[in-house]
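Accompanying notes for the structure given below.
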Amino acid sequence: MPAPLLATRAITKDYPGVRALDRVDFDLREGEVHVLFGENGAGKSTLISMLSGANRPTSGHIEFKGTVAELNSVHHARELGISAVFQEFSLVPQLTVEQNLFLGAEHRGGLFLKASGMRREAKQLLDDLDFHIDPKAQVYRLSRAEQQMVEIAKAFRSELSVLILDEPTASLTDHEADQLFRLIEDLTGRGVGIIYITHRIAEIERIADRITVLRDGRYVTTIEASDADEDRLVELMTGREVGAIFPSLPTMDPGEEILRLEDLWTQDETLCGVNMSIRRGEIVGCAGLVGSGKSEALQAAFGALPFSSGTVIYKGERVAQPKPGRSIRSGFMYLPADRHDAGLMLERPARENFSVAALDLPPFRNGLFLSGRGERQRAAELATALNLSPNQPERTLDHFSGGNQQKVMLGRSLTRPVDLAVFDEPTVGVDMGTRQAIYAFIANLAQKGAAVVIVSSDLPEILHLTHRAYIFYRGRIQAELAGSDLTEEAALANFFEQDAA
Ligand SMILES: Nc1ncnc2c1ncn2[C@@H]1O[C@H](COP(=O)(O)OP(=O)(O)OP(=O)(O)O)[C@@H](O)[C@H]1O
Ligand SMILES: [Mg+2]
């Protein structure tokens with residue numbers, strides 16, 4: 001057996017109060033895609049932070065091509081050919097794409113930056129990767145998917161032996177994800193080893209060669225992808241058998257209409273004449289490709305996106321200009337897909353992040369006084385309901401893993417009574433056990449009489465969790481499917497242009 005490309009030997013990482021990794025052995029071969037799998041907080045990101053030089057182990061060591069390697073910094077690891085794209089990006093928003101690409105490795109000719117050479121190379125790099133991004137564009141103007149492409153392009157600046165990707169498709173469209181998978185095939189064909197973190201079984205089936213499972217910071221096992229199926233992976237990940245992911249759909253006894261949209265348009269025609277009606281007790285899906293308007297219709301109704309004409313009627317009253325603050329106070333919650341836009345306070349405890357949307361209500365307010373006890377109690381309940389890991393609501397948010405930050409954001413919407421809750425991609429980045437908890441939670445919300453809308457690019461979520469779904473195409477609702485008509489074929493067919501015939 002040749003030496004593995006990259007390996008960890010009994011690697012351990014302690015953070016104050018948590019052992020994030022406990023004597024983990026892991027190895028990566030040339031030309032393979034090796035998936036790291038495990039629950040939120042299992043230690044996946046921590047492991048790759050050490051393999052990429054971002055973090056130092058407490059004990060144990062790393063071997064690169066058969067010799068012990070001290071990776072002192074991300075820059076040092078990159079020079080050796082080990083490059084990572086993290087869950088949190090490292091781009092400087094105010095700089096251009098090309099400046100970001102060569103940050104820390106600027107081409108210097110004497111004392112002068114060779115701008116023209118840099119520009120040529122940036123263009124070449126992006127072309128080679130088939131990324132359609134303007135090298136002169138400022139990064140803050142790019143979509144999250146485009147920013148991720150820039151992050152990936154950065155990894156290609158120097159000779160590459162190991163590419164590490166932490167949940168890379170979380171913010172990509174299907175088309176962009178396909179592009180990424182082709183790129184990965186191309187790289188493994190050239191002998192590059194890839195470490196790939198994902199919670200999505202479909203991706204594992206598509207690209208993985210081997211899978212290593214972590215649980216509570218410990219190595220569980222490594223299996224061949226051909227031996228893996230969903231049940232086995234879930235069992236390895238949680239250490240127990242997990243029942244059906246989806247709850248049985250609550251029986252629906254549709255109540256009064258909560259929200260009605262009539263002929264809604266936006267200036268830029270992201271929405272071109274949307275009509276919807278949502279009633280109490282039902283769970284309604286919004287599906288369609290990215291850019292189809294599936295997220296925007298509810299954003300407009302909530303007040304997060306201006307519309308140019310049309311009518312929004314909430315609880316029987318016309319709302320001329322919806323505003324997020326007023327929507328929230330009147331029981332209309334919208335949870336955005338991107339937790340980075342949701343104003344999470346990273347340096348504050350999870351507890352405060354939970355309660356911030358509800359500080360004017362009991363149990364947070366007790367007469368004139370803020371109720372510390374009520375707040376703590378509610379935070380503890382939410383943390384348990386959402387499997388927060390570690391279950392420590394006093395921990396500051398930046399000390400939680402990515403998926404656990406996502407849970408806190410979800411919990412935030414649940415601290416006040418809701419009449420209408422809109423969840424936009426509620427399960428991106430969360431593990432399957434938690435997904436189950438979130439689904440049960442959503443079903444319960446509807447059962448108790450709230451109206452629920454789920455905007456999702458995960459079709460099974462729409463098929464199994466909603467009573468009725470709107471399928472969007474280019475700013476219009478192309479189909480409304482319910483009951484036995486709500487099938488995968490019918491939904492997918494309507495993701496694309498339909499003939500009028
Ligand atoms: N900077 C930090 N300070 C303190 N504790 C941390 C820090 N980063 C991570 N941890 C803790 O280490 C453990 C492992 O976290 P890690 O981010 O590696 O999980 P993960 O497997 O990547 O999860 P996810 O799927 O949610 O991204 C968690 O208990 C987390 O709370
Ligand atoms: Mg992580």
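Key figures
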{"read-out": "Cβ-based net charge around Gln447, under 12 Å, with every Lys or Arg adding one and every Asp or Glu removing one", "value": "0"}
{"read-out": "As computed over the stretch 6-238, the Cα convex hull volume per residue (Å³)", "value": "131 Å³"}
{"read-out": "With DNA, RNA and ligands ignored, accessible area of Lys136 (1.4 Å probe; Å², nearest 10)", "value": "110 Å²"}
{"read-out": "Sites Asp338 and Val68 - FRET efficiency at Förster radius 51 Å, r taken between beta-carbons, to 0.05", "value": "0.80"}
{"read-out": "Sum of side-chain charges, Ala54 neighbourhood, beta-carbon under 13 Å (Lys, Arg +1; Asp, Glu -1)", "value": "+1"}
{"read-out": "Those GluC sites (Glu not before Pro) in the stretch 251-341 that DSSP places in a loop and that have at most 13 other beta carbons within 10 Å", "value": "Glu256, Glu269"}
{"read-out": "Under 12 Å, Cβ to Cβ, from Gly281 - net charge with Lys/Arg +1 and Asp/Glu -1", "value": "-1"}
{"read-out": "Debye intensity ratio in log₁₀ form over the Cα atoms of the chain, taken at each q of 0.06, 0.08, 0.11 Å⁻¹", "value": "-0.30, -0.54, -1.02"}
{"read-out": "Segment Leu305-Tyr140, length gained on full extension (0.36 nm per residue, minus Cα span)", "value": "57.5 nm"}
{"read-out": "In Å, descending, principal axis extents of the Cα set of the stretch 174-288", "value": "55, 39, 24"}
{"read-out": "Accessible surface, the stretch 129-184, averaged per residue in Å² (probe 1.4 Å)", "value": "40 Å²"}
{"read-out": "Net charge dipole size for the chain [Lys, Arg +1 and Asp, Glu -1 on Cβ; Debye, nearest 20]", "value": "1940 debye"}
{"read-out": "Stretchable slack from Asp253 to Gln94, in nm (0.36 nm times residue separation minus alpha-carbon distance)", "value": "52.1 nm"}
{"read-out": "Carbon/sulfur fraction of accessible area - the stretch 122-196, other protein chains in place, 1.4 Å, %", "value": "43 percent"}
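The values are calculated or read from the model by the stated rules, or taken from the named source; none is laboratory data. Please read these numbers as outputs of a predicted model, since none were measured by experiment. Note: ideal-geometry Cβ built from the backbone for every residue, glycine included; neighbour counts use all protein chains shown. The accessibility values were calculated without ligands, DNA or RNA, using every heavy atom of the protein model including side chains. Shrake-Rupley method; radii C 1.70, N 1.55, O 1.52, S 1.80 Å.
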